[in-house]
Amino acid sequence: MSAVDTSKNLTPSQAARLRRTAWYQQPRFSRLWAMVALGVLLALVTGEQGNTRDIFFSIESTFTGGGLWVCLALTVGVWALREFAGDALKGVATKAKPGVAGPLGSVRGRIQADQRLRWGLMLLALVLALVVPSLLQRYWQTVLVDQIAIFVLLAIGLNVVIGWAGLLDLGFFAFFAVGAYSTAYWTGRLPVEPPVVLNSFWVIPIAVATCLLTGLLLGAPTLRLRGDYLAIVTLGFHEIIYLVAKNADGITGGPQGARMIPDFSIDFAGISYKWSIDPLPYWYLLVFFIVVVIILFSRLEHSRVGRAWTAIREDEIAAAANGVDTVRFKLMAFAIGASTSGVAGVVFTTKYGYINPEVFPLLQSILVLAYVIFGGMGSIPGVLLGAAALVWLPEVLKDYVDPSDRYMYLGALLVIMMIYRPQGIWPSRRRQRELKLAAEGIGDADAMSEPAGGKF
Amino acid sequence: MDHLSDWLATRLDSPHTVGISGVRVGDHEFFYAIIVRARECLVLNKTIVKLAIPVAVGALALTGCGGGDSGSGGSTVKIAFEGPLSGDNVALGENMQNGVQLAIKQANASGDLDFKLEYVAADDQGLPDKAPTAAQKVIDDPDVKAVVGPAFSGPTNSASPLYAEAGLVTVSPSATNPSLTDEANGFASLLRAVPNDNMQGKAMGDFFAKKIGAKKVYLIDDKTDYGVGLSKVAEETLKSAGVSVVKKSVPQKTPDYSATAKDVVNSKADALIYAGYYQDLAPFAKKLSDAGFKGAAISGDGSNDVKFVELAGDASENWYLTCPCTDATVEAGTKKFAEDYQKEFNRAPGTYSAEAYDVANMIIAEIKKTGGDVEREALRDALSKASYKGLTKTFSFEKNGEFKGTDVFVYQVKSGKIAYQGNVNELIG
Amino acid sequence: MTTDVTSESAAVGGPASADTDLVLETWDVTLRFGGLTSLDHVNLQMRRGEILAVIGPNGAGKTSLFNSLTGAYTPQEGKIVFRPKDGGEKSLLGSKPHIVNRLGLARTFQNIRLFSALTALENVKIAAETRLKAGPVSIMLGLPKARKAERLSDERAHRLLKFVGLEDKLNEIAGSLSYGDQRSLEIARALATDPQVLLLDEPAAGTNPTEKLELEGLIRRINTELGVSVLLIEHDMRLVMSVADRVMVLNFGKKIAEGTPSEVQQHPAVIEAYLGSSAEDAAAVQEIIAEHEHQSASDAEDGQ
Amino acid sequence: MSLQEFWDYLVLGLMLGSLYAVIAIGYTLVYGVLQLINFAHSEVFMMGGYGSLVVLTLVDPGDSPSALASIGFVALAMAGSALFGGVTAYGLEKVAYRPLRRRGAPRLIFLITAIGASFFLYNLAGKLFGRDPLPLPEMYENKTVFSIFGAGVNITQLLQFLTAVVMMIGLDLLVNRTKLGKGIRAVAQDAEVASLMGVDIDKVISRTFIIGGVLGGVAGFLFANLNQVSYTMGFIPGITAFAAAVVGGIGNIRGAMLGGVLIGIVETMTVPLLGDEWRSVSAMVVLILVLMFRPMGILGERVGRAA
């Protein structure tokens, strides 16, 4: 793909040099080779499932089947169009472009600018969020509750850590595990007995507190680290928490997990209700939590705390030199971010009634991170959309491709998205500016670029 | 929501990626379909798109469109399989899925059905957190009358309440955690078509204690639900027989088994139990043979697979393998199954293929009795009382859905073949 | 690593004749990086309310001194004492940068370090807010305390931006301001933390003559109107000679001279340091010296 | 643990560690020139495993080949893995990273791209070659060749160790003695200055990826030889080797070697002391401890606050 962009602006001398090179080395043909390679890759991606009995089966069938020729015809056709009818196409594209990208950008701009419109839309969104699910099939309700809403909560939390404070956390899902296992413990479902068995609702504040505390514990020794170093250490923390859950059979139940965790129920002031297997009541509960968390967090974003986080993200040294207690604010980010996973962990566990360590593999931490970046880190609507879209996508892909190929397409989508729209679906304004400044070579767009200690 | 239109825009915009759409995509025209579908959704919800709501409502609306068509046609009965069809355990899931598909295909081809059978896949990735969604999808389809699966115990735990509520029977050929049939769970529509870990763990322990006469047993589990369950029971059995036990855990996908093999040799144990699957046992067996371990070694039905022999080669020689199934190579029926399977899927049947095939056939037999017009609850009740002789064993169930029968059989790898040795109860006399 | 910053004079020690009029004082500060000695027994005395300039050739250790004073580096030896207005003594050695800032020392950077994706106003507010108390809980719940803090920081930021002359660029993105404006913004941000001592690291670097003049005025106003002592690193001798009350000269990490601008520029060690550095510098220095002789002569005339 | 056992495990750890070291170098090389965690390096490694499998399936060593033939098969398998690894790494750079680099994209974007590429590659490999693990065909009889301190070393281990050592020495020479090496070092120091000095950055980066890919690929072969080939084989060794690179000081080639060996020994020693299930935990604990006291890793430069 990149070969396409390599040589747009040739100076005459360069062109002269190129003219002397062999025909197959000319940019036009290197672009052709790139497209041929892409075509072959496409054919392989869409080809038949392989087979360990005969490891060449899939490749062979691709190269002997018609699919390859279709793919090649397509990619080479695209090449030919671009090379020989490029100017004409470009004209169409530039004409079409404002029509495609323009309204989206301007709508977003208008929403971000107009306070009243924004409130109105949020209200509308809330109403829709409450009404639409009840019209859906129960399968999609389950997807909404079990997957989307849970991950949305998590993504909002991770957004605090990475989107606002710029701390690259690759172990965020571990807090979810902490929340989940707290629930199992306080409802008396682990091999170790709690002092008192609690109703799931009362577990929520306890789980949040536990997650806050774990966030502090994780944060404290690692806050000297930055960027990549923080990433690997948080990843290590996740791995440790996952393996402890798996290995400490006497405490966590080991691989067999904890079962029969009771559902939520309230019996208070004459109101008595029990959440059960029906996903809708859980949906309303989760929407409630999400809305509360969004309100609380967006207040933070536009306060001194949010600004201090941005300062740390952009230039930690300068922030500290201006009196920002970087350690305190970083810990705060870790803890506040972790708290949402506490809530998510409790709701998840009570809804499922069963957990085992396989719910919390490392992959999940990486996925949540991808959701946040995909949606547009630093922006709450972006993160909501990112999590919803990427959780929804594999579910819907199930119907169209072999399920075992789903994550291949997801991976390809991530790569394509990062190449063509690195700011995510709905980026925050600050983030967009950072990316723009970074592209112009002013400043860094994320806190990952600096080694521990800083650059004096 | 605007991600989709953006995505489409980039696709339409940049000529060198357009190629993706419209290609013959394996069995489905994936990209073409998704674009068309997305367009439908976008048109349907145009107003919403325009407003671009900052909450997940966009996705919500899309999911609404994604739901779509539930089947029609009265004379179609669907049988689903729930198991890992993606993720790390997909190999096992595919084995079982193929078994179910083969059974359905053969039943349809036999011509003595008054109805048409259809297969529905439900992918739970072998993970408890994906299982309820997979289960709900199956439940929402009114034509699905029975489910083979869930394959693993974890997903069974989290999905069974949904099946119970829907009255949709699930017959699992492979979920062996003993606690699943605990009545307190309320998994009312779960039938287990496999003896639970207690039986096999006990059989392994008994076999070593009484038949081999082991003095010191090195017991390894693979840190899966299955392996831990087996090893717990085996440990108890061995200890009560006065055999000393070294219990260790070696998680799946350990990069280097050399150190573990060394530890086995150093422990001076004269026998070894591996509670886990063949994928991990094979490299371990190789390292054991490199390290010079000479004692008796046994593993359970997770490893009782020709692939173990293929992967481990000579190192698999003399390994004992238990299985609650009868000899899979002797009987004519089994042989035919293996041939049909090979023909259909271009590979040999693997672990649980035959069991899944049996379970599917058992379900088909019950549906056949009703002539295709069957209610979920009625089928559940019929199945729980049924008795069916399959290729691997005879299936019938206790009141709580537990598999009836405790027979466990021992095999041994002899010159590259898994050779039948006999019933454990008879061997230990 | 962090010493107790709240400890009083007894803990700090130092010469018995500590002059309470000295706002900032160091004794024998020595900083090494591996085999390299960056600061070698540096003694610095800064009087309350003065403008003290630190000069020296490149690599003389000026920025290292700044970093040691503000907690970015921890010197291996020596003492650093800060005496706040309201009495007492605080040791700064090894204190974390934000603690140093809170005590009353604010700084700017040689290579301007703004939060470039934020607006000018936000940049200053961040600094102003470090003096306010509103925890995350009160903010999330929208308590009156939090709202008051927000208002206070807003007012303060507006005032300071006006002070440095950026009142009509409040909502511009810091990264897209002109170089001179960025410089002013950085000073405003430092002032927002309400410092007693302001450390400016080469503020005139890269500015044009007009901006230099404005800067000169700004430094004076900071010193007189806000009553802030200023410690200044600068290469621009004209600026140093015109604003500094006293000058300290570093070379190879050692203090080689100290005194009023006119004293220093005649100091033989200083001349040698500059002459010895390189031919180009030497020429520049001679030019500078000539210029300053001329200027100090005219200053002297003015004074009469 | 007796002294003999100690030596046994130490030797085993050293062998495993040399394998980790080779993978870790792949991470560290790329980090050196791009300051980027190439998360997809684990898939380069996995592809290397398949490379050797493909070659060996094509040539088929059969039963008990002669000693000379054994060496030939090993060499062929290694070449296959190097080719697959190199091509995968080259493709990754060209398709996924170069467009981002052109745009000066922040490194977080690289990270997500790397994760996406990793998902794509390992699922593609699973699709193409099937999702069951496969053994490498036997190329030789795995005899014990000699023993040090009473600990036997077999051919597989020796091969692993020797290949690692040869590759590390070769790499060291390449980086320190050749023109390309000079280019790599220049880009690692300061890409902008290097380009002003006439270094073709694209070429250097591309070749660095290829070198890292070849190393990763051969490591994939060694791992496949030690264990087996599967499409998910990259993940765990990848994470472990990445941790090793960080422990040694990421960006520092000798650090990666040291870190790899250290992590290998720690993991192996865990087996008799705590049990197999804790080996990753102990590796991660070592990682965290090292970083707590030396935030830039053991051989990493120390920058910032002097303690």
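Since every read-out is calculated from the coordinates, none of them should be taken as a lab result. As the structure is a computational prediction, the values presented were derived from the model and not from experiment. Neighbour counts are summed over all protein chains in view; Cβ atoms, including those assigned to glycine, are modelled from backbone coordinates with ideal geometry.
Which of the GluC sites (Glu not before Pro) found in the range B:323-429 are in a DSSP loop and have at most 12 neighbouring Cβ atoms, other than their own, within 10 Å?
Sites meeting the loop and neighbour criteria: B:Glu375.
Between the range B:227-269 and the range D:49-98, how many Å separate their Cα centres?
What the calculation gives is 35 Å, centre to centre.
Go through the range D:60-157 and name the chymotrypsin sites (Phe, Trp or Tyr not before Pro) that are in a DSSP coil and have 12 or fewer other Cβ atoms within 10 Å of their Cβ. Could you put the intermediate results ahead of the total?
Working: sites: D:Phe73, D:Phe84, D:Tyr90, D:Tyr97, D:Phe110, D:Phe119, D:Phe120, D:Tyr122, D:Phe129, D:Tyr140, D:Phe146, D:Phe149; in loops: D:Tyr140, D:Phe149.
Answer in residue order: D:Phe149.
For C:Thr30, A:Thr214, which order do you get if you count the other beta carbons within 10 Å of each Cβ and list the fewest first?
The fewest-first ordering by Cβ neighbours comes to C:Thr30, A:Thr214.
Specify, per residue and in Å³, the volume enclosed by the convex hull of the alpha carbon atoms belonging to the range D:1-104. Write down the numbers at each step before the final one.
Working: hull volume 14.7 nm³, N = 104.
Per-residue hull volume (Cα only) is 141 Å³.
If one computes P(r) from the Cα atoms of chain A, what percent of pairs lie at distances over 43 Å?
25
Any idea how far the Cα center of the range A:279-305 sits from the one of the range A:250-276, in Å?
After rounding, the separation between the Cα centres reads 23 Å.
Please report the equivalent ellipsoid semi-axes of the range C:22-64, computed as sqrt(5 x eigenvalue) of the Cα gyration tensor, largest first, in whole Å.
So the three semi-axes of the range C:22-64 are 22, 13, 6 Å.
Could you tell me the extents of the protein assembly as shown's C-alpha atoms along the three principal axes, largest first, rounded to whole Å?
Between the extreme Cα coordinates on each principal axis of the protein assembly as shown lie 123, 79, 75 Å.
Indicate the gyration tensor shape class of the range D:45-176 (rounded, prolate or oblate), computed on the Cα atoms with a ≥ b ≥ c the square roots of the eigenvalues: a/c under 1.5 is rounded; otherwise a/b larger than b/c is prolate and the rest oblate.
prolate
Which whole-number percent gives the relative contact order of the range D:3-293, counting Cα pairs below 8 Å spaced six or more residues apart?
39
With no solvent and one equal point scatterer placed on each C-alpha of the range A:145-285, evaluate the Debye formula and give log10 I(q)/I(0) for q = 0.12, 0.21 Å⁻¹, two decimals.
Scattering profile of the range A:145-285, log10 relative to I(0): -0.58, -1.38.
Of D:Ala219, D:Ala245, D:Ala114, which has the largest mean-square fluctuation in a 10 Å C-alpha GNM of chain D?
D:Ala114
Give the Cα extents of the range A:249-370 along the principal axes, in whole Å, largest first.
Per principal axis, max minus min of the Cα coordinates gives 53, 40, 26 Å.
Take the alpha carbon atoms of the range D:102-159, find their center, do the same for the range B:124-146, and report the distance between the two centers in whole angstrom.
Between the Cα centre of the range D:102-159 and that of the range B:124-146, the gap is 35 Å.
Kirkwood Rh, the range B:286-429, all Cα pairs: how many Å?
After inverting the pairwise mean of 1/r, the radius is 17.1 Å.
What is the P(r) of the range B:167-245, as percent of Cα-Cα pairs per 10 Å bin from 0?
Histogram of Cα-Cα distances, whole percents per bin: 19, 41, 25, 12, 2.
For the range C:120-191, compute the orientation-averaged projected area of the C-alpha convex hull (one quarter of its surface), in nm². Each step should come with its number before you reach the end.
Numbers: hull surface 18.7 nm².
For the range C:120-191, averaging the hull's shadow over all directions gives 4.7 nm².
If we count trypsin sites (Lys or Arg not before Pro) as exposed when they sit in a DSSP loop and have at most 12 other beta carbons within 10 Å, what is the longest stretch of chain A that avoids them all?
A:9-454
Can you show me the helix-derived [θ] at 222 nm for chain A, built from DSSP H runs with n ≥ 4 at -39,500 (n - 2.57) apiece and divided by the number of residues, rounded to the nearest 500.
The helix contribution divided over chain A gives -22000 deg cm²/dmol.
Can you pull out the GluC sites (Glu not before Pro) in the range C:144-221 that DSSP calls coil and that have at most 16 other Cβ atoms within 10 Å?
C:Glu172
Here are some pairs, A:Lys330/C:Lys254; B:Lys211/B:Lys248; B:Lys368/B:Lys404; which of them have Cα atoms lying more than 30 Å apart in this structure?
Details: A:Lys330/C:Lys254 38 Å; B:Lys211/B:Lys248 23 Å; B:Lys368/B:Lys404 23 Å.
Check vs 30 Å cut-off fails for A:Lys330/C:Lys254.
Taking chain D as the region of interest, what is the percent of Cα-Cα pairs per 20 angstrom bin, listed from the shortest bin to the one with the maximum distance?
Cα pair-distance distribution for chain D, in percent: 33, 58, 9, 0.
Do you know the Lys pair count in the range C:120-191 for C-alpha distances under 20 Å, with sequence separation 8 or more or different chains? Walk me through the numbers on the way to the answer.
Values: C:Lys125/C:Lys133; C:Lys125/C:Lys145; C:Lys125/C:Lys148; C:Lys125/C:Lys162; C:Lys125/C:Lys169; C:Lys133/C:Lys145; C:Lys133/C:Lys148.
Number of lysine pairs found: 7.
Relative contact order for the range A:118-449: what is it in percent, counting Cα pairs under 8 Å that are at least 6 residues apart? Let's see the in-between values first.
Numbers: 532 pairs, mean separation 98.6, N = 332.
The normalised contact order for the range A:118-449 reaches 30 percent.
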